[in-house]
Each structure stands twice: as C-alpha cells, then as structure tokens.
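Have a look at the structure below, then the notes.
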Amino acid sequence: MCGIVGYIGNKSAKEVLLSGLKNLEYRGYDSSGLAFLQNGKIEIIKSVGKISNLEKKLESMELDDYTMGIAHTRWATHGGATLLNAHPHQVGDITLVHNGIIENVDVLKEELKHEGICFQSETDTEVIAVLLNKYLEKDVLKSINQVMNKLKGSFALGIIVKSQDHRLYVVKKDSPLVIGVGEGETFFASDITAINTYTNDFIFLDEGEIAEITKEDVIVYSNLHKVEKKVNTIHVEAQDKDKNGFEHFMLKEIYEEPSVLENTLKKYLDDFKQVPNLSKYEEIHIVACGSAMYAGMIGKTLLEEEANTKSIVEVASEYRYKKNIYNVKTLVILVSQSGETADTIAALRKAKENGQDTLAVVNVKTSTIAREADQCIFIEAGEEIAVATTKAYMLQVAVLSLLALKLSYDKKIVTDIDSYLSDFKKIPGFVKNVIDKESICQKIAKEIYRCEDVFFIGRKIDYAICLEGSLKLKEVSYIHSEAYQAGELKHGTISLIEKGTPVFGIITDKTIAEKTISNIIEVTARGAKKILITTDDLNQSMDGDLSVATINQFLQPLLIVPILQLIAYHTAKLRNCDIDKPKNLAKSVTVE
Ligand code: M6R
C-alpha cells in the first residue's frame, strides 16, 4: 500500500527521501514521487513503475541543495498507475502526499465542481489538496483541522505549504504515520523502517492528531490543542536485506523457517508458563485477513479439537462491521504480520470497545496492533521482504498451536505435556527435513505450471492447510486455485474437474483420511490429476506423491506448510512471475 516519507533538516532531502522510499518498497506500489520546497519554489518529480525509474529522472536534476521534502509510493486505488495520479499532488499553495482512502470523495468532488474547480487526476487525494488550498489561511493548523472535519475515511498526510519553507505538517487518521526525531532534523514515514537508519527516537501519532514539524521541533495537536507526546527510543535490529545467494526473497524466507521457529519457540518451551493461560475464556474469536486468517483456521481447529474451546475465525473486514455476539467471556485474537492491516486494526478496536480482552499474534513490534492490543505474542519472524508471506505465516501457525497446547494442558486435557514439548523442540529439524524435499516440490510444479485451474481438498485441519496452500499458489503464480472441504466438492465445484485438472489432496488427519481418499477417487474418476500429500504412516497404505514425518496433531500442519509454499514458488518461477512482488499485491494493506 501507499508509503509516505518526509524530511526537514540539513541533509540532502533527496537522499533521505529516496532511501526511505526504497525501504517502503516492500509494501507494494505502482508509482512514486517526491516534492521539495526551497525559497518558495516547489519541485515535483514523479514516475510510474519502479523507484529505479524515479531515480533515473532525478539523476539529471540539480536537487542536492534541497533540505526539506515529502515523498510517496502509490498503490493505485482511485485511478490507474499514471503520472497524473501519482503523488505528490499540488494545488495552489498546497503540495501533499496521502495514504488512505477518502470515502466521501464523490460528494466532495461534486460540490467543488459546482464551484468551477477542475480536477487534474482521478485520485481522491487531489480533493484534499483542493480543499486545503481553498480553506488555507494564516493559521494553517486551523485550515487543516477544518478540512479534516470534511473528510470521511482514512488519511495519513504529509503536507508542504508553499509560503512556509521551514515547516512541514502531518496528519494521521486511521492510516499509519510515525515521526522520527533527530538532532536538528525531523523525519516522518508510514513505518519506522523507512527512517530508522537516521534515528532511534520516534513519536507515534494518535488518531486525528496533526503535527507541525520543523528541523528542531515537533508540536502535536489534537482538536487544535497542544498535546504532550512521548518520544519512544526504539532500536530496530538491523535486518538482512540480502538474498544471500537465493534467487528470490520468498525462497530465502522459506529456508529461514527452521531457524526462526527455533528462535521463537525456544523462549516459550524453556518456560512453558510464559504462554498465556486462556482457560478463563469460554469462547475465542480469531480475527485476521488473508494468510493470517488461514493461520487462524488452523488455530481454531486445534482450539476446538484439542482444547474443547469454542472458536470462530472471521475475516477482519467482515468482523468489524457485523453484529458480534459476545454472550460469554470472549478473547479476541488478532493475527497480523505487519500489525498495520486496516481491517484488523478496526476489528481490534471494536473488540476493545465491546469490553473484550484482546491478544495480538503479531510480527512487527512497533506496529499499531502491537501497541493497542491488551496482550501480545510476538512471532519474531524478522523482516519479511517477499510480499507473499511464508515464514511469518509458519510462525503464526506455530504460535497458535502453542496457545492451543497450553490451553489443552491448562484444561487438563493434555496430560503428558513433556512429550508434546519435546516434539515442539524437535520441530525446526523436522521442518528442515521437509524443506530438503524441495526437488520433489519442483517436480510437482512442473506437472501443474501450465494448468489453468488447481484445487486443494482436505478435511478438518487439512482443509485449513489447503486454504493457505491455494492462496499461496494463486498469489505468486497467477493460476486460478481454490480450496475446498473434500466432502463439499461434489455439491457443485466438481463440474469444473476436467481431464488433467490438478487436485491436491492434503491428508494428515488419520481420523478422517479414508473419507478424503474417497473424494480423491471421485475426482480422479472424472479425469482429475491427483497429487497426494500425506504423512509417512498414512502413506504406507496410499501411493502419495510426497509424505512428511508423522508427528503430534498440534505440529503436523507445520510440516505441510513449506511443501505447499515450495510448490507455489517453483510454479511461479516456471511461469516467469515476479515472485517477490506479485502484481496488484501490497505487503501491508493499510486501507480497508
Ligand atoms: O500483515 P498481515 O498479516 O495483517 O496481512 C494480512 C494479509 O494481507 C496477508 O497475509 C496477505 O494475505 C498476503 N498476501 C499473504 O501472502
């Protein structure tokens, strides 16, 4: 999603802004741009496509003297990826960048058109610039506040006012924005990774706040009243941004799974009491988006099957708007890699407003979700650069499995806890053995990469695994793929099965294996090409394409995860896809 960076200080703003934009690239974007101000003169440079295109444009320009500016990577919402739609947008004395969506843009545009205003772009952002320019008065804060009151939706803004070349303004409402405080310089950005090479001191704005930023000072206002803000010193570990010899970050991150698992689980396995006790809750809601939600599906199955606790999983974009019934003491678990997913943040706030306890299973420690949830478990996956999640999803599943095991133990369902914990300790090694089967995954990819449709079927926990396997395949290889509960296929979807259609059968749950096998037989009878992924013990009676070690029920999904990720990876590679940055996708979905 869109990324914002801003700088005011003594350095070359071009250098700071470009390095910030590069660090925000992972969020996903399709155009970029910068604006500088000096001696009342605004320079705006924009480009469509990669930031390298923007850099090429900048090469021939004399911009090194500019020491303040704003920059943006745009992930198109209103209007395509064009130069006109790229940010910054300038209207009269106002130049700004925006992350978010203005929901009442049509109404506002209509009103402004009646006043004779012509719009240059198709964006919702231009409306903000028009309004700010229209209401601009000496008291800029008052003008910004007036415009904010007219806007519905989400907006993080970085604003240059032409007459004020020693000052920048930022606004935050429902889109992430952080201010970095340096010595004689100030930064702002959508997330701290854009600016943490320059400072470790950050101010997090709250909803609806405006900040007036100079080289020396940051003054924050809420409803036009000054508010005191805490400066948080955060040392972000240096991240390994190298592919380390791997062709893609996605592959590198899959190969990192054993070590990140070991790292994250160690702390909890050495002192199992540290895993929260959830036994006071009668019901658990797991709320998330995309892969994080599919990790939640595995968590739900384990919580219900192994810990006898009613659980629901819901997509955050639905949960935030529906009537949620909290009849009993409910824990709401939010799962998110970025911690900035707009819908998941909204679901968290809703749960809190309803007086429910919230627990975040989150990767980015400085994120909004990490800061706002009552309790956090950090999955400690390190930075995930490939847009398609792999190691973070793996750790989300591992942490949810650990929570389910702990609940089962606290409820005295699991008694031989030592044997379970000993399996958990062995899991990194098991996962490594599975990743060593990469060549078989490559072979399977060769069999499916020319197909148009792929299906994944399984029952119970195997269905939950299928959901992510299918998502991974479609997001990186662009092959249409669907996951189905194995018994459901014949209620309609089976009509799509043709000669050669690949159908993956995921079979690890022995209590239901025979049923899934029957469904596999049904599709092969109609010409489907079956690909069976199972456990070593079940494979003794079936001719599977790939099998993994048999391990306890809490951990079994973790051994299938890398296989489906590697199959998706190799399929995408054979189809020459942009694996680390699939088209249309953003790493951090900060609009709803
Ligand atoms: O940062 P989050 O975990 O909240 O992100 C949720 C989804 O947007 C994310 O998992 C998405 O589905 C990825 N494209 C999956 O690879």
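Suppose we filter L58, L96, L131, L136 for residues that are among the hydrophobic types (A, V, I, L, M, F, W, C) and surrounded by fewer than 21 Cβ atoms within 10 Å (Cβ to Cβ); which single one remains?
L58
How about the stretch 153-197: which of its residues are among the hydroxyl-bearing types (S, T, Y) and at pLDDT 95 or above?
Y169, T186
From the list E253, E212, E207, E237, pick out the single residue that is in contact with a helix residue (DSSP H, G or I) (Cβ under 8 Å, 6 or more places away or on another chain) and either at pLDDT below 95 or in a helix (DSSP H, G or I) (or both).
Checking each option against the conditions leaves just E253.
Can you tell me which residue within the stretch 300-331, out of those that are within 15 Å of the ligand (Cβ to nearest atom) and touching a helix residue (DSSP H, G or I) at 6+ places or on another chain (Cβ under 7 Å), is nearest to V591 (Cα to Cα)?
S317
What's the total number of residues in the stretch 494-514 that are hydrophobic (A, V, I, L, M, F, W, C) and either buried (at least 24 other Cβ atoms within 10 Å of the Cβ) or assigned to a strand (DSSP E or B) (or both)?
4
If we keep just the residues of the stretch 277-296 that are under 26 Å from D418 (Cα atoms) and crowded, with 16+ Cβ neighbours inside 10 Å, which is nearest to the ligand (Cβ to nearest atom)?
A295
Given the options L157, L141, name the one that is within 24 Å of G208 (Cα to Cα) and buried (at least 24 other Cβ atoms within 10 Å of the Cβ).
Details: L141 fails: buried (at least 24 other Cβ atoms within 10 Å of the Cβ).
From the options L157, L141, the qualifying one is L157.
Out of everything in the stretch 386-441 that is hydroxyl-bearing (S, T, Y) and not in a loop (DSSP other than H, G, I, E, B), what residue ends up being farthest from the ligand (Cβ to nearest atom)?
S419
When the residues of the stretch 332-347 are narrowed to those that are free of Cβ contacts under 8 Å to residues at least 60 places away in the same chain and not β-branched (V, I, T), which ends up farthest from the ligand (Cβ to nearest atom)?
Restricting to residues being free of Cβ contacts under 8 Å to residues at least 60 places away in the same chain and not β-branched (V, I, T), the top hit is L334.
Pick out the one residue from L566, L555, L585, L546 that is of a type outside the set (V, I, T), within 12 Å of the ligand (Cβ to nearest atom), in contact (Cβ under 8 Å) with a residue 40 or more places away in the chain and on the phi < 0 side of the Ramachandran plot.
L585
Taking the stretch 453-481 as the region of interest, how many residues are within 16 Å of the ligand (Cβ to nearest atom) and closer than 24 Å to L555 by Cα?
Residues that pass the stated criteria total 11.
The values are calculated or read from the model by the stated rules, or taken from the named source; none is laboratory data. Fair warning: this is a prediction, and the values are worked out from it, not measured in the lab. Glycine also receives a Cβ, built like all others from the backbone with ideal geometry; neighbour counts cover every protein chain displayed.
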